[in-house]
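The structure appears below as structure tokens.
The values are calculated or read from the model by the stated rules, or taken from the named source; none is laboratory data. What you see is a predicted model, and the numbers here were worked out from it, not measured in a lab. FYI the Cβ positions are ideal-geometry reconstructions off the backbone, even for glycines, and counts take in every protein chain you see. Accessible surface areas use protein heavy atoms only, side chains included; no ligands, DNA or RNA. Shrake-Rupley method; radii C 1.70, N 1.55, O 1.52, S 1.80 Å.
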Amino acid sequence: MPEDVNRSPDDQSPDDQSPNDSGPASPMSAEEASRRIDAMHAAQREAIGLGPRRSDEKAGLGPSRQQQKSRATRDALIELATELFSEVGYAPTSIRDIGRAGEVTSGAIYGHFRSKADLLAAAISACIARELESHIGVQPNEADYIEVLTNLAELYPDRDRLRALIVEGAAAARTDEETRVQLAEEQMSYLERWLTQYEENRDRMGIDASVDIYAALFYTWAAELGLGVLEAIGVDLPVPNAWADIQQRLARSLQMPLGPSSPVARLR
């Protein structure tokens with residue numbers, strides 16, 4: 001865990017400070033003053049959650065050392081929370097417990113996250129990015145969805161912590177409104193993005209026009225989360241290659257036209 005989380009800027013040594021924090025030893029040129037002003041603006045945008053301006057990116061103006069340390073601290077807190085929430089449980093783990101495990105103060109944690117629910121949502125988001133989306137490997141409009149879904153299905157044992165986090169959060173959400181709202185927003189942000197990607201590329205993917213992609217997406221995600229419920233109560237899960245085979249069959253079926261016995265067809 002980075003050591004700066006309990007220290008105020010006044011406690012930092014000169015080596016820990018950003019080059020932009022030291023006072024000038026001599027009058028600055030207009031060019032240097034402009035660079036420093038740009039650096040201050042970049043820091044302000046970072047502090048309120050905005051990315052760098054395009055002009056900053058072109059100029060190669062990256063985050064300061066202090067910002068890099070802050071980001072490393074945040075990432076470390078997310079990893080620690082992921083471990084505790086998934087193994088000990090979300091409800092019994094307090095912010096103070098996370099602070100003790102990471103040797104940081106509760107105030108330092110609240111400096112990065114509004115609440116425990118906010119930290120849980122960040123942990124789930126990090127797991128989805130690392131354990132799901134990183135395995136696609138190409139842009140969504142270039143991916144073979146059958147191959148992607150099949151490969152992800154075979155890798156389902158690697159996502160046990162992700163499923164545990166969502167199951168723990170879902171249990172807490174039944175009685176905690178803040179957790180419910182945080183998780184609903186986090187889950188829907190991913191589902192809506194995936195839905196858009198499938199809708200925009202359905203013709204290239206060969207998905208039949210009669211398929212309700214919204215329902216197909218939710219069906220697939222519900223199967224993933226269902227694994228989390230079953231493993232939480234100790235039920236033996238299918239071997240990965242058998243699970244992947246079923247996923248491949250289901251994915252291929254999305255290219256089939258609507259059959260006369262389909263419930264949707266009977267409604268027409």
Self-check item: Residues satisfying the stated conditions in the range 242-258, i.e. more than 13 Å from Glu147 (Cα to Cα), polar (S, T, N, Q) and in contact (Cβ under 8 Å) with a residue 40 or more places away in the chain
Solution: Gln255
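Let's see how each residue does on (1) under 22 Å from Ser86 (Cα atoms); (2) open to solvent by less than 50 Å² (accessible area, probe 1.4 Å):
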| residue | (1), (2) |
| --- | --- |
| Leu165 | yes, yes |
| Ala222 | yes, no |
| Leu250 | no, no |
| Ser253 | no, yes |
Quiz item: Do the conditions hold for Ala172, that is, is it open to solvent by less than 50 Å² (accessible area, probe 1.4 Å) and closer than 19 Å to Ala126 by Cβ?
Solution: yes
Quiz item: If you scan the range 176-189, which residues turn out to be touching a helix residue (DSSP H, G or I) at 6+ places or on another chain (Cβ under 6 Å) and closer than 21 Å to Ser134 by Cβ?
Solution: Glu186
Exercise. Could you please let me know if Tyr190 is under 18 Å from the mean Cα position of the chain (by Cα) and assigned to a helix (DSSP H, G or I)?
Key: yes
Quiz item: List pairs: first in the range 103-127 and touching a residue at least 12 places away in the same chain (Cβ under 8 Å), second aromatic (Phe, Trp, Tyr) and assigned to a helix (DSSP H, G or I), Cβ under 7 Å, 6+ apart or cross-chain?
Solution: Leu120/Phe85; Ala123/Phe85
Self-check item: Filter pass, Tyr156 being aromatic (Phe, Trp, Tyr) and open to solvent by less than 40 Å² (accessible area, probe 1.4 Å)
Solution: yes
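Suppose the filter is of a type in the set (Lys, Arg), over 30 Å from Asp203 (Cβ atoms) and open to solvent by less than 40 Å² (accessible area, probe 1.4 Å); does Arg130 pass it? Walk me through it before giving the result.
Working: of a type in the set (Lys, Arg): yes; over 30 Å from Asp203 (Cβ atoms): yes; open to solvent by less than 40 Å² (accessible area, probe 1.4 Å): no.
Spelling it out, it is not the case that Arg130 is of a type in the set (Lys, Arg), over 30 Å from Asp203 (Cβ atoms) and open to solvent by less than 40 Å² (accessible area, probe 1.4 Å).
Per-residue answers, yes or no, for (1) farther than 29 Å from Ser189 by Cβ; (2) at pLDDT below 90; (3) open to solvent by 50 Å² or more (accessible area, probe 1.4 Å):
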residue: Ala30; (1), (2), (3): yes, yes, yes
residue: Ser34; (1), (2), (3): yes, yes, yes
residue: Thr82; (1), (2), (3): no, no, no
residue: Ala91; (1), (2), (3): no, no, yes
residue: Gly107; (1), (2), (3): no, no, yes
Practice problem: Residue by residue through the range 224-245, note down the ones that are of a type outside the set (D, E, K, R) and either open to solvent by 50 Å² or more (accessible area, probe 1.4 Å) or part of a loop (DSSP other than H, G, I, E, B) (or both). | Solution: Val229, Leu230, Ala232, Ile233, Gly234, Val235, Leu237, Pro238, Val239, Asn241, Trp243
Quiz item: Only one of Ala123, Ala184 is part of a helix (DSSP H, G or I), open to solvent by less than 30 Å² (accessible area, probe 1.4 Å) and of a type in the set (A, V, I, L, M); which?
Solution: Ala123
